[in-house]
Amino acid sequence: MIADILTGAIRSGTSVMLASQGELVSERAGVINLGTEGSMLGGALGGFAVTVWSGSPWLGALAGGLCGLLIASIHAFLVLSCGANQLATGLTIMFFGMGVTAFFGREFVSQQIVGFNPVAIPVLSDIPFLGPILFNHDPLTYLSILLVPLLWVVIFRTRIGIMLRTAGEREEVLFSSGINPKLVRYLAVLAGGFLAGLGGAQLSVAYTHSWVENMTAGRGVVAVALVIFASWKPARAMLGAYLFGAAQALQLTVQQQGLAISPFFLFMVPYLLTLIALLIVERRKQSQTPEALGRVFAGEGSE
């Protein structure tokens, strides 16, 4: 049972993890995107549709990322070019994503695809207990795990990361260096949208092999919350996503065991655990919130 829950934590948490990494990039640059849920839904539908049409889950995954990027670009334009409020715009984009995917996704509801399937890594997957948990997943899950250390290196050990973090902390420093902080933020939001779309594609093309309306069920909102839980650090965001995935897996395992627990309570458990984690983090004394985000939360403007 424990092995099933831990395996499910990774499989169910991967979509949230990809979205949280994308949101982390965006917020490091000083832009919060509550429309991550919309990008995930766009990626889930786009990835599924292209996989149906092409028969290639890899093309589907790429299309999912591009759909997420497209939806995020609307948020970037409204916030960075038009000066719209980040929080209000993000919520609008989220509901826009829900509506547009529900409309265009009607014909795909009953269809099935041959998507990504778990691929066991030779030798490693045979390790007792740990092998099936860590080394028997779909290709997008493996790529998402490799993304975390790569993203850490980029953010904290490269010139690109310095520009990203400076855009979220001291944009005047970028100006003095001849770099446009608005361009850095644009690219960060688009990259975040691509990863959120890829997370949505993982959900439909690799995890469920199906499309249903609003199938992300709040995962994009959870991803935004997990970035705060993670103090804007990639590894912590990954752990938070897997915690959410473990709660999802626990919910399914309890239902399969036939225990007399309300299904409504079980559905609530993953989100409840996320809230508890956020409350624990909120009690910490030192805040590591990027300065630009602090101004957004304080209502001092969108940039």
Pairing the Cα long axis of helix 219-229 with the longest principal axis of the chain, what angle in degrees results, from 0 to 90 and rounded to the nearest 10?
60
Angle check, please: helix 181-201 long axis (alpha carbons) against the longest principal axis of the chain (alpha carbons), in degrees 0 to 90, nearest 10.
10
At what distance in angstrom do the alpha carbon centres of the range 46-84 and the range 205-251 lie from each other?
18
Whether the chain is rounded, prolate or oblate, judged on the alpha carbon gyration tensor where a/c under 1.5 counts as rounded
prolate
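Please give the net charge around Leu34, taking every other residue with its beta carbon less than 12 angstrom from that of Leu34, where Lys and Arg add +1 and Asp and Glu add -1.
Result for the local shell: -3.
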Checking the a/c ratio against 1.5 first, then a/b against b/c, what shape does the Cα gyration tensor give for the range 108-170?
oblate
Compute the Cα gyration tensor for the range 189-241, then decide on rounded, prolate or oblate, letting a ≥ b ≥ c be the square roots of its eigenvalues: rounded whenever a/c is under 1.5, prolate when a/b is larger than b/c in the other cases, and oblate in all that remain.
prolate
Output the 0 to 90 degree angle, nearest 10, between the alpha-carbon long axis of helix 2-28 and the longest principal axis computed from the alpha carbons of the chain.
20
Within 15 Å, Cβ to Cβ, of Ala9, how many net charges do the neighbouring residues add up to if Lys/Arg are +1 and Asp/Glu are -1?
0
May I ask you to give the solvent-accessible area per residue for the chain, in square angstrom, as obtained with a 1.4 angstrom probe?
46
Under 5 Å, built H, 5+ apart or other chain: amide partners of Val119
His137, Asp138
Checking rank on 129-142, 209-222, 35-48, with mean other Cβ inside 10 Å and highest first, the result is 35-48, 209-222, 129-142
Please list 3J(HN,Hα) in residue order for the range 100-114, calculated via the Karplus relation 6.51 cos²θ - 1.76 cosθ + 1.60 where θ = phi - 60°; whole Hz, with x for glycine and proline.
5, 6, 5, 5, 7, x, 4, 6, 9, 4, 9, 8, 10, 10, 9
Given a 1.4 angstrom probe, I'd like the percentage of the accessible area of the chain that is carbon and sulfur, rounded to a whole number.
69
The range 1-123 - Rg and Dmax from Cα coordinates, angstrom:
16.4, 54
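The values are calculated or read from the model by the stated rules, or taken from the named source; none is laboratory data. Everything numeric here is computed off the predicted structure, so don't read it as measured data. Cβ coordinates were reconstructed from backbone atoms using ideal geometry, including for glycine residues, and neighbour counts include every protein chain displayed. What goes into the accessible areas is simple: the full protein's heavy atoms, side chains included, and nothing from ligands, DNA or RNA. Shrake-Rupley method; radii C 1.70, N 1.55, O 1.52, S 1.80 Å.
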